[in-house]
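**Q** I am attaching a structure below and will ask some questions about it afterwards.
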Amino acid sequence: MATIAVAAAALAGTALSAYAEDFKIGLSNGWVGSEWRTQMIEEAEAAAALWKERGVNVEVVAQSANVDVPGQIAHVRNFISQGVNAIIINPNSPTAFDPVFAQAKEAGILVIATDAEVSSPDATYVGIDQKGWAMESAKWLAETLDGKGKVVAINGVAGHPANEMRVAGYREVFGQHDGIEIVNEVNANWDQAQGQQAMQNLLATYPDIDGVWVQDGMAAGAWRSIMDADKAGDIAATGEIRKDFIDIWTENKLNSGASVNPPGVMASALNVAVLMLQGRELKEPATAGQYGNAMYLPIPFISSDNLAEAAASMEGKPGHYSYTSALSIDDAEALFK
């Protein structure tokens, strides 16, 4: 009887394995050396692990390229050769991937972009509206300045799709206020040291500025220069979502506000991808955005009103940890029929 019981259990396990779904998903990251991107990949891997509790085995394979479009195209081709079921890409170009995404579609592979939108009709975008992200923080800065004052902007990588949408966003908002003058715009490549140096140079040239619109990945550096110049009480500037900056913000009561682009966007995209691979249909088609293929996620915002709550949520995390959110499996399922 014991032998029969063991055999039956083994057969049951085999049956469960046969009915379990197995998906292989390639993750292409277009920025090396960014702790935000590292967290993005880790959160996507954690999301994949949670699917196993539902009988779905999701294997993820991650590759990274350093702001290199040809390198990312090679990622996609490698994933096609490996026979993955889906590709999730944080792209370095909005248009360069159209031909290779068409090849992926021809091979029966689902393609989802996240964090930066793409023009390909063969891909779906799942992430925040980068233009809307910039507009939220620009609105905060404009309201904080009562619609008037001299403002400088510190941007990321020139030509990067997310950066260009952000620039368009803050320009649109500031353009609605006759009293706001953008006196200079510079690029600091989403690098803290470059952001700090850029702010130092701007303060030397424009010592009487009232506001700074700076993208995350550089805001902590910009604020260091503002504080070093003893101008923290005179200048309003956008901020970061990293724990180390949240701590500085809290301790020094900085006049700051930060739109949140959560690292969890790739985890959200992965959960959507798995449901699509299962043949589920979205209640509302992904038709938003400039290319008509986007599903936009909510954009959280941190200000003095909820700063303490944001700080508490990151208690015990390392300084480089970013405030985050993601669609859970249940959240994603609610978007499908």
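**Q** Among the residues of region 36-56, is any free of Cβ contacts under 8 Å to residues at least 60 places away in the same chain, touching a helix residue (DSSP H, G or I) at 6+ places or on another chain (Cβ under 8 Å), assigned to a helix (DSSP H, G or I) and surrounded by 16 or more Cβ atoms within 10 Å (Cβ to Cβ)?
**A** No, the conditions are met nowhere in region 36-56.
**Q** Would you pick out the residues in region 226-245 that are of a type in the set (Val, Ile, Thr) and either in contact with a Leu (Cβ under 7 Å, 6 or more places away or on another chain) or assigned by the TED database to the domain that holds Ala113 (or both)? So that I can check it myself, show each step before the final result.
**A** Step one: filter region 226-245 for residues of a type in the set (Val, Ile, Thr), giving 226, 235, 238, 241.
Across region 226-245, the qualifying residue is only Thr238.
**Q** I would also like to ask the following. Is it the case that Glu185 is open to solvent by 50 Å² or more (accessible area, probe 1.4 Å), under 14 Å from Lys139 (Cα atoms) and acidic (Asp, Glu)?
**A** Values: open to solvent by 50 Å² or more (accessible area, probe 1.4 Å): yes; under 14 Å from Lys139 (Cα atoms): no; acidic (Asp, Glu): yes.
Considered against the rule, which asks whether it is open to solvent by 50 Å² or more (accessible area, probe 1.4 Å), under 14 Å from Lys139 (Cα atoms) and acidic (Asp, Glu), Glu185 comes out as no.
**Q** Right, another one. What are the pairs, 6+ residues apart or on separate chains, where a residue within region 182-209 that is in a helix (DSSP H, G or I) has its Cβ under 7 Å from a residue that is open to solvent by 60 Å² or more (accessible area, probe 1.4 Å)?
**A** Gln196/Arg224
**Q** Against the definition (among the acidic types (Asp, Glu), out of contact with any Leu (no Cβ under 8 Å at 6 or more places or on another chain), in the same structural domain as Ala326 (by the TED database) and part of a helix (DSSP H, G or I)), how does Glu59 come out, yes or no?
**A** No.
**Q** Related question: From the list Val265, Val274, exactly one residue is of a type outside the set (Asp, Glu) and closer than 17 Å to Ile128 by Cβ. Which is it?
**A** Matching residue, one of Val265, Val274: Val265.
**Q** Scan the strands (runs of 3 or more DSSP E) fully inside region 234-328 and keep the ones with 1 or more residues being open to solvent by 20 Å² or more (accessible area, probe 1.4 Å) and at pLDDT 95 or above.
**A** Qualifying strands (runs of 3 or more DSSP E): 294-296.
**Q** Those residues that are out of contact with any Leu (no Cβ under 9 Å at 6 or more places or on another chain) and more than 22 Å from Trp31 (Cβ to Cβ), I need them from region 263-279; list them, please.
**A** The answer is Val274, Gln278, Gly279.
**Q** Count, please, the residues in region 90-112 that happen to be touching a residue at least 40 places away in the same chain (Cβ under 8 Å) and either within 19 Å of Gln278 (Cα to Cα) or open to solvent by less than 10 Å² (accessible area, probe 1.4 Å) (or both).
**A** So the count comes out to 4.
**Q** Something else: Do we have any residue at all in region 68-75 that's assigned to a loop (DSSP other than H, G, I, E, B), in contact (Cβ under 8 Å) with a residue 24 or more places away in the chain, closer than 28 Å to Pro262 by Cβ and out of contact with any His (no Cβ under 6 Å at 6 or more places or on another chain)?
**A** Scanning region 68-75 turns up at least one residue that is assigned to a loop (DSSP other than H, G, I, E, B), in contact (Cβ under 8 Å) with a residue 24 or more places away in the chain, closer than 28 Å to Pro262 by Cβ and out of contact with any His (no Cβ under 6 Å at 6 or more places or on another chain).
**Q** Being acidic (Asp, Glu) and under 21 Å from Pro91 (Cβ atoms) narrows it down to one residue among Asp122, Asp210, Asp146; which is it? Give the derivation first.
**A** Details: Asp210 fails: under 21 Å from Pro91 (Cβ atoms); Asp146 fails: under 21 Å from Pro91 (Cβ atoms).
After ruling out the rest, the residue left standing is Asp122.
**Q** Could you tell me whether any residue of region 103-112 is more than 22 Å from Gly292 (Cα to Cα) and not assigned by the TED database to the domain that holds Ser34?
**A** Going through region 103-112, the residues more than 22 Å from Gly292 (Cα to Cα) turn out to be 107.
Filter once more, keeping what is not assigned by the TED database to the domain that holds Ser34: none.
No, because not a single residue in region 103-112 is more than 22 Å from Gly292 (Cα to Cα) and not assigned by the TED database to the domain that holds Ser34.
**Q** Kindly indicate the residue of region 116-149 that is part of a loop (DSSP other than H, G, I, E, B), under 24 Å from Lys24 (Cβ atoms) and open to solvent by less than 10 Å² (accessible area, probe 1.4 Å) and also modelled with the lowest pLDDT among those meeting that condition.
**A** Ala116
The values are calculated or read from the model by the stated rules, or taken from the named source; none is laboratory data. All values derive from a computational prediction rather than experimental measurement. We place every Cβ from the backbone using ideal geometry, glycine too, and count neighbours over all the protein chains shown. Only protein heavy atoms, including side chains, enter the accessible area calculation; ligands, DNA and RNA are left aside. Shrake-Rupley method; radii C 1.70, N 1.55, O 1.52, S 1.80 Å.
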